[in-house]
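Structure first, then comments.
The values are calculated or read from the model by the stated rules, or taken from the named source; none is laboratory data. Values in this document were obtained by computation on a predicted structure and should not be read as measured data. Methodologically, a virtual Cβ is constructed for each residue, glycine included, from the backbone with ideal geometry; neighbour enumeration extends over all protein chains shown. Protein only, heavy atoms only, side chains kept; ligands, DNA and RNA dropped before computing areas. Shrake-Rupley method; radii C 1.70, N 1.55, O 1.52, S 1.80 Å.
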Amino acid sequence: MRGAELKNPERELRRFQLRLGIAAAAVLAAFGLLAARFFYLQVVQHATYAAKAEENRISIVPIAPNRGLILDRNGVVLARNYSAYTLEIFPARVRDLEATIERLAEVVDIQAKDRARFRKLLAETRNAESLPIRTRLTDEEVARFAAQRFRFPGVEIKARLFRQYPFGEVASHVVGYIGRITARDQERLAELGMEANYRGTDFIGKSGIEASYQHELHGVTGFEQVEIDAAGRGIRTLARTPAQPGNNVTLTLDIRLQQVAEAAFGARRGALVALEPATGAVLALVSKPGFDPNLFVDGIDPHSWAELNASPDRPLNNRAIAGVYPPGSTFKPFMALAALELGKRTPKSAIHDPGYFIFGERRFRDSKPGGHGYVDLYKSIVVSSDTYYYQLANDMGIEAIAGFMAKLGLGARSGIDLEGEAAGVLPSPEWKMKRFRRPEQQKWYAGETISIGIGQGYNAYTPIQLAVATATLAANGDMYRPRLVSHIDNLRTGERRHLEPVLVRRLALREEHLEFVKRAMAGVNREGTGARAFAGAEYTSGGKTGTAQVIGIKQNEKYDEKRIAERLRDHSLFIAFAPLESPRIALMVIVENGGFGARAAAPIARTVLDYYLLGKLPPGLKATEEHEVEEGPD
């Protein structure tokens with residue numbers, strides 16, 4: 001027993017040495033792996049990790065460029081910039097947004113509309129680094145927040161440039177507005193390969209000139225290389241490439257004329273387009289009602305947005321280029337010109353107008369009960385005889401009518417430099433085949449041609465189309481593409497780029513036919529349906545009244561405006577040009593549900609022509625509008 005308890009020192013020593021060797025080998029292996037890893041990181045991957053370290057030390061900060069100005073033809077500023085402070089939340093850095101906003105409200109005034117706008121932007125904007133919870137802070141609010149900034153990680157004050165529209169609703173559909181860049185905008189910029197130039201930019205043009213000339217107005221984004229500390233705060237600027245400001249865009253529009261035109265509408269709905277016949281330059285483009293583009297500068301709040309969208313007056317719809325209306329009797333001068341050119345009528349061609357035209361079993365009534373008696377082509381325009389044009393349309397046929405009107409640009413987009421233009425409807429058998437599905441609907445019936453002759457039926461055109469057709473007539477067949485931009489100024493180089501007039505086509509019209517129609521339109525304003533509106537004018541003008549039905553009236557039923565809801569009453573239209581001898585302006589006016597053209601639309605046209613040609617305003621407007629027209633901001 002005692003011998004079994006004896007230990008073997010040599011064996012124990014060998015075991016200890018073995019364990020020690022294994023441990024040493026393990027330690028050496030570990031150090032070897034560590035050394036190999038150090039070698040891999042410090043030598044093999046040195047360039048990679050050195051670059052990453054530099055990236056962590058240096059931040060590339062984009063610098064948004066100053067947006068270019070929008071000016072009218074006389075240099076009056078319609079859209080400009082100003083700087084202000086905004087309180088912005090970085091959603092990725094904030095754990096509890098609602099709690100942060102509640103604490104911020106103790107320091108800075110944050111109202112319900114500010115919260116609603118922030119939530120709307122948060123839902124609509126993808127990958128936004130920061131979003132404003134309050135804009136245009138006062139100096140006192142900036143100081144209060146700066147003193148307590150430590151309480152709000154993920155919240156910062158930024159200096160931003162804001163857009164301002166000094167004239168508010170005036171010309172709002174022309175100038176348009178800017179809004180925050182959405183996911184859809186980002187996708188569009190990516191498709192165009194322009195997303196790099198919009199880094200650091202929060203806003204983009206959404207409508208009007210702001211949208212159609214966005215890339216001229218935006219400029220070129222710059223950047224700064226900023227050294228930052230471990231907390232992400234900037235220490236110093238290492239390098240800077242300044243942003244290049246956007247170009248200034250000068251319009252053909254005369255904002256004084258625009259003010260006069262919009263004031264002449266009052267509270268009525270409608271549109272007006274005034275063009276320079278010799279160039280296609282847009283002098284005024286009205287869509288009533290308008291909207292205040294300043295509402296969109298900070299990101300429109302949900303309440304205001306809902307009001308604009310829900311309004312039955314559709315203030316966001318640009319009626320001048322997207323509204324589609326029957327032309328009514330403003331169609332007749334073009335019908336007369338077509339009849340002369342196609343040999344269907346001569347100036348002496350006359351009929352007896354009994355107040356109706358019978359086709360088959362249907363009686364088409366004239367607007368004047370009992371008719372106009374003896375009517376030749378000149379008188380048909382002056383007194384606006386429906387019966388004359390019923391018969392003329394039947395004699396010409398729909399193919400001839402459609403073919404001639406297409407040359408005047410009716411039923412086709414004019415190409416004006418604004419987005420959202422409608423094509424309208426120039427009726428023809430081919431159009432009807434495409435428009436309807438059932439075979440019985442696709443067939444063109446001869447009776448449908450009759451109403452086409454007086455601008456009713458399927459006829460539906462935009463105000464800009466009718467203005468272009470009128471300007472083409474005034475310019476003796478020269479059709480110019482309507483344009484709103486006169487020239488673009490590059491602020492970096494001082495270069496001015498003019499946008500020259502574009503002649504779309506030159507119609508081969510006989511001079512004597514053009515002069516005949518013009519003289520007949522002058523007769524409208526001198527002795528016909530427009531005589532009351534143009535009484536005492538110091539210039540000679542050509543014009544044509546029009547009344548377009550909104551709802552159909554039964555054959556034996558008399559139209560009684562007082563018994564019809566206001567929005568179902570006839571539209572009032574008027575086309576005009578002046579002076580007769582050498583037209584400097586051509587225009588089209590429509591007053592929705594305004595009744596007879598001579599009553600609502602013609603006086604507006606007279607007001608615009610008086611101001612443009614003579615610098616005059618009617619007595620009723622002088623007291624309220626003259627100061628605004630002469631002293632508007634510039």
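Descriptive notes on the structure:
- Residue 190 over 14 Å from the mean Cα position of the chain (by Cα), hydrophobic (A, V, I, L, M, F, W, C) and open to solvent by 40 Å² or more (accessible area, probe 1.4 Å): yes
- Leading residue by the ranking (farthest from residue 481 (Cα to Cα)) among those in segment 504-524 that are surrounded by 19 or more Cβ atoms within 10 Å (Cβ to Cβ) and among the small types (Gly, Ala, Ser): 523
- Matching residues in segment 430-444 - criterion: being assigned to a loop (DSSP other than H, G, I, E, B) and among the basic types (Lys, Arg): 437, 438, 443
- Restricting attention to segment 323-367, the residues being without any contact (Cβ under 8 Å) to a residue 40 or more places away in the chain and either within 17 Å of residue 455 (Cβ to Cβ) or not hydroxyl-bearing (Ser, Thr, Tyr) (or both) number 10.
To keep it simple, each residue is scored yes or no on (1) basic (Lys, Arg); (2) part of a helix (DSSP H, G or I).
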| residue | (1), (2) |
| --- | --- |
| 86 | no, no |
| 92 | no, yes |
| 107 | no, no |
| 113 | yes, yes |
| 117 | yes, yes |
| 120 | yes, yes |
| 156 | no, no |
| 161 | no, no |
| 173 | no, yes |
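- Filter result (open to solvent by 50 Å² or more (accessible area, probe 1.4 Å) and touching a helix residue (DSSP H, G or I) at 6+ places or on another chain (Cβ under 6 Å)) within segment 458-503: 476
- Filtering segment 393-429 to residues that are basic (Lys, Arg) and outside any loop (DSSP other than H, G, I, E, B) leaves only 407.
- Taken as a whole, the condition of being within 23 Å of residue 545 (Cβ to Cβ) and open to solvent by less than 10 Å² (accessible area, probe 1.4 Å) applies to residue 274.
- Of the candidates 279, 252, the single residue that is of a type in the set (Ser, Thr, Tyr), under 30 Å from residue 591 (Cβ atoms) and surrounded by fewer than 21 Cβ atoms within 10 Å (Cβ to Cβ) is 279.
- Residue match in segment 139-161 (condition: in contact (Cβ under 8 Å) with a residue 12 or more places away in the chain, surrounded by 14 or more Cβ atoms within 10 Å (Cβ to Cβ) and of a type in the set (Asp, Glu)): yes
- Residue list for segment 260-271, restricted to those being out of contact with any strand residue (DSSP E or B) (no Cβ under 6 Å at 6 or more places or on another chain) and open to solvent by 10 Å² or more (accessible area, probe 1.4 Å): 263, 264, 266, 267
- Residue count for segment 203-223, restricted to those that are surrounded by fewer than 23 Cβ atoms within 10 Å (Cβ to Cβ) and of a type in the set (Asp, Glu): 1
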